[in-house]
Amino acid sequence: MSQQLLVPVDGSPLSKRALEHAFREYENASVVALHVLDPMDPGYSSPTNIDVRNEPPHGSDEWYERANEEEEKIFDDARELASEYGEELDTETATGEPAREIVDYAEENEIDHIVIGSHGRMEATRLMLGSVAELIVHRSPVSVTVVRD
């Protein structure tokens, strides 16, 4: 039976590196790419440069429509990367606080391992900014591999 891996994706170079790591290091695993739409993030939970002054009102139907378009781009890029490795990729979506949604998904879906990207910030900066990866490492019911830049 193959391992079930969860790789959170947000379209950033680090989430791409985490996905590459998963495909390279776990050849026979089933990989799920999870994108979490954070309704507290006016930028659609993606690294796209978005001027929120020109976007639909945060939380509106139009905002969610635009967020879903951004998410499809993220998943298209992830699927393309999977095909470069000759792998298939399942995609899933959650809405909420990213660390909590990632851990909840792992608990509820028989995930064996999480692979996540992290900037590896200095301690003081991490305390000020918080770190999704750090929260996942502390809360996860399964092993976590952190891919750093």
Distant-in-sequence amide H partners of T91 (H built 1.01 Å from N, under 5 Å): A33
Separation of the E92 and E65 label points, Cα + 7 Å toward Cβ, nm: 2.9 nm
N28-H138 FRET efficiency (beta carbon distance; Förster radius 41 Å; 0.05 resolution): 0.90
Amide hydrogen neighbours beyond the local backbone of H113, cut-off 5 Å, H modeled: Q4, L6
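Any read-out appearing in this document is the output of simple, stated calculations on the displayed coordinates, not a laboratory observation. Since this is a predicted model, take the numbers as computed values, not measurements. Ideal geometry is used to build each Cβ from the backbone, glycine not excepted, and the neighbour counts take in all protein chains shown.
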